[in-house]
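The values are calculated or read from the model by the stated rules, or taken from the named source; none is laboratory data. For clarity, every value in this text was computed on a predicted model and none was experimentally measured. Cβ atoms come from the backbone with ideal geometry, glycine included; neighbour counts cover every protein chain shown.
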Amino acid sequence: MVMNSSGIAIASDSAVTGMMSGQPKIFTSADKLFALSNKAPIGILIYNSASITGVPWETVIKVYRSELGDTSFGTVVEYGENFLEWLNNRRSEMFPDDVQDSYADGQITSYFNTLIKDVDEAITEKVAAGIANVDETIICAEAIELHQNLWSSADRLAGVGPAFEKRFAKKYEKTIQTNVERLVVDFNISQASQIAIGNNKNRYEF
């Protein structure tokens, strides 16, 4: 962003993160800068993810821009507040329950894929170092403990309180448990490690 007395110029690269087959993928030809209004010279810039709950940001912004019409505001802050208010009010229409469920299931599975990858890499490193009798169960328990510490020390997302966390954990308990069972089968994790993951499920914030 460049700003002077004549105005503000905004530019961006074209790299964003999307999901493909439940795995994060970097796309290098995405649009990240959009007009927020057809009337006023106001723009919106996205970063990191190209979508929200699986719906492209570009689609969401185009719908908002169309519905905004000739309405204008006096400040950039007011445009931002109106966009967020609109997004919240249109939540059930833009992001139906089945879309939210599919996205949540994918994110949970992707997280466990990351955990399993961490364990596999730790095992590979020990084997490459010539360590005999590598105990996969212990390595998995150490990885789970590391992830648990990261979740425990993480700040909560704004607006996401304990009540939401409990609802989320209950609603997607089957998906979480299915992925925990993957760890049991692959690495024979202990009951203590399973309990640790269970304690983490109230802190999943995607």
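Just to be sure I understand, how many residues within the range 134-168 are surrounded by fewer than 11 Cβ atoms within 10 Å (Cβ to Cβ), touching a residue at least 40 places away in the same chain (Cβ under 8 Å) and more than 17 Å from the chain's Cα centre (by Cα)? Matching residues across the range 134-168 total 2.
The helices (runs of 4 or more DSSP H) located wholly in the range 91-188 that include 2 or more residues which are under 30 Å from VAL63 (Cα atoms) occupy 91-94, 97-128, 162-171.
Of all residues in the range 61-90, exactly one satisfies the criterion of being within 19 Å of ILE46 (Cβ to Cβ) and not in a helix (DSSP H, G or I), namely ARG90. Within the range 57-105, the residues that satisfy the criterion of being of a type in the set (A, V, I, L, M, F, W, C) and closer than 21 Å to ILE8 by Cα are ILE61, PHE73, VAL76, VAL77, PHE83.
Taking the range 59-84, which residues are surrounded by fewer than 15 Cβ atoms within 10 Å (Cβ to Cβ) and of a type outside the set (Val, Ile, Thr)? LYS62, SER66, GLU67, GLY69, ASP70, SER72, GLY74, GLU78, GLY80, GLU81, LEU84, listed by residue number. Answer with yes or no whether ILE131 is touching a residue at least 40 places away in the same chain (Cβ under 8 Å) and out of contact with any Phe, Trp or Tyr (no Cβ under 6 Å at 6 or more places or on another chain). Here the answer is no, as ILE131 does not meet what is asked.
Please enumerate the residues belonging to the range 140-166 that are of a type outside the set (Lys, Arg), modelled with pLDDT of 85 or more and more than 18 Å from TYR111 (Cβ to Cβ). Across the range 140-166, the qualifying residue is only ALA163.
Inspect the range 48-60 for any residue being among the aromatic types (Phe, Trp, Tyr) and not in a helix (DSSP H, G or I) and give the result as yes or no. No; the residues of the range 48-60 include none that is among the aromatic types (Phe, Trp, Tyr) and not in a helix (DSSP H, G or I). For LYS126, only one of the following conditions fails: (1) surrounded by 13 or more Cβ atoms within 10 Å (Cβ to Cβ); (2) within 25 Å of the chain's Cα centre (by Cα). What is its number? LYS126 satisfies every listed condition except (2).
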